[in-house]
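Engineer: This structure is in structure tokens; I'll ask about it shortly.
The values are calculated or read from the model by the stated rules, or taken from the named source; none is laboratory data. Given the structure is predicted, the values throughout are model-derived calculations rather than measurements. FYI the Cβ positions are ideal-geometry reconstructions off the backbone, even for glycines, and counts take in every protein chain you see.
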Amino acid sequence: MRMLLAVLLIGLALGAAWAVFRSPIFEIREIKVSGNDQVSEQDVIVFLQNKILGDSRLNAFLGFRNFLVWPRELASEELREFPALKRIAFSKDYREKKLTVEVTERLPFGVWCLAKTEEHCYWFDEAGLVLDRAPIVEGNLIPRVTDETRETLSAGSGVLPGAFMPPLISIFRVLRDSRMAVKDIRLEQAELQELKVITYRGPLIYFSLRFPADQALAVIRSFEAKPSDELNRLEYLDFRTENRAYYR
């Protein structure tokens, strides 16, 4: 009796192993990438092959086209090697034997240029994550910062500590909504946690990176509403103290 039970258990184990390793139930016949615009499908597939198979011996044994190796999505920390992507999720269709890779790309928000290296520039997103090399841009359409404090940046790194990004975005918003003609935005000393804005015809404008700059817009507009081009005759506008504005 015990011998028969042992044979049955071995048979069940072998059957389960066959179902996992050889059965067509878990076979993927088609892999489709959706949601990609800037990133090629081939780059996504190569990244996933390295990530899914390289991080687990079991996954490597089961193979890339086995449904069992695929999670629902990849955690954000698993995408650090591919900073152009914000999210990757997977949709499994067992009937059609199809796996859909749903990617969400990070969108370029602005350009960060390094003055110490002949102004090498990089795209960054709203979270401050460096995406890729960028051209040198001019004008007010694309937010641009000239960084005089660093010599290198790399894809996946941050242009600023995370706490400084909301104030930076608010500075861009104030400059966009005002009528100031911006020539350059400069980070001159990182330890001061502030930006200097150089305008074409108006004053220098100083902002802090420690708090949002939204209140500055009302001050700028109040000067814009005054007659005789009073705003352009100012030497500077200083918003580096929270809820205060200084000018000369």
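Engineer: Of all residues in the range 123-147, which are more than 21 Å from LEU175 (Cα to Cα) and not hydrophobic (A, V, I, L, M, F, W, C)?
Structural biologist: Across the range 123-147, the qualifying residues are ASP132, ARG133, PRO135.
Engineer: Please state which one of ASP147, ASP184 is closer than 22 Å to LYS116 by Cβ, of a type in the set (D, E, K, R) and touching a Cys at 6+ places or on another chain (Cβ under 9 Å).
Structural biologist: ASP147
Engineer: If only one of LEU187, LEU195 is in contact (Cβ under 8 Å) with a residue 24 or more places away in the chain and touching a Phe, Trp or Tyr at 6+ places or on another chain (Cβ under 6 Å), which one is it?
Structural biologist: Testing whether each residue is in contact (Cβ under 8 Å) with a residue 24 or more places away in the chain and touching a Phe, Trp or Tyr at 6+ places or on another chain (Cβ under 6 Å) leaves just LEU195.
Engineer: Sticking with this structure for a sec: So which of ARG144, ARG150, ARG133 is crowded, with 17+ Cβ neighbours inside 10 Å, among the charged types (D, E, K, R) and not assigned by TED's automatic domain parsing to the domain that holds ILE31?
Structural biologist: Step by step, each of ARG144, ARG150, ARG133 is checked, and only ARG144 is crowded, with 17+ Cβ neighbours inside 10 Å, among the charged types (D, E, K, R) and not assigned by TED's automatic domain parsing to the domain that holds ILE31.
Engineer: Scanning the range 211-221 for residues that are within 22 Å of GLN193 (Cα to Cα) and without any contact (Cβ under 8 Å) to a residue 40 or more places away in the chain, which turns out surrounded by the fewest Cβ atoms within 10 Å (Cβ to Cβ)?
Structural biologist: Restricting to residues being within 22 Å of GLN193 (Cα to Cα) and without any contact (Cβ under 8 Å) to a residue 40 or more places away in the chain, the top hit is GLN215.
Engineer: What strands (runs of 3 or more DSSP E), lying completely within the range 67-125, carry at least 3 residues that are within 13 Å of the chain's Cα centre (by Cα) and of a type outside the set (A, V, I, L, M)?
Structural biologist: Ranges flagged: 120-124.
Engineer: Filter the range 222-246 down to residues that are of a type outside the set (A, V, I, L, M, F, W, C) and either in contact (Cβ under 8 Å) with a residue 60 or more places away in the chain or surrounded by 15 or more Cβ atoms within 10 Å (Cβ to Cβ) (or both), then give me how many there are.
Structural biologist: 4
Engineer: ARG65 passes all but one of (1) farther than 16 Å from GLU27 by Cβ; (2) of a type in the set (Lys, Arg); (3) in contact with a strand residue (DSSP E or B) (Cβ under 9 Å, 6 or more places away or on another chain); which number fails?
Structural biologist: (1)
Engineer: Only one of ALA6, ALA19, ALA13 is modelled with pLDDT under 90, small (Gly, Ala, Ser), surrounded by 11 or more Cβ atoms within 10 Å (Cβ to Cβ) and part of a helix (DSSP H, G or I); which?
Structural biologist: ALA19
Engineer: Quick one: is ILE169 outside any loop (DSSP other than H, G, I, E, B), in contact with a strand residue (DSSP E or B) (Cβ under 8 Å, 6 or more places away or on another chain), in contact (Cβ under 8 Å) with a residue 40 or more places away in the chain and not charged (D, E, K, R)?
Structural biologist: Here the answer is no, as ILE169 does not meet what is asked.
Engineer: Mind counting the residues in the range 108-119 that are at pLDDT below 90 and of a type outside the set (Gly, Ala, Ser)?
Structural biologist: Counting residues in the range 108-119 that are at pLDDT below 90 and of a type outside the set (Gly, Ala, Ser) gives 4.
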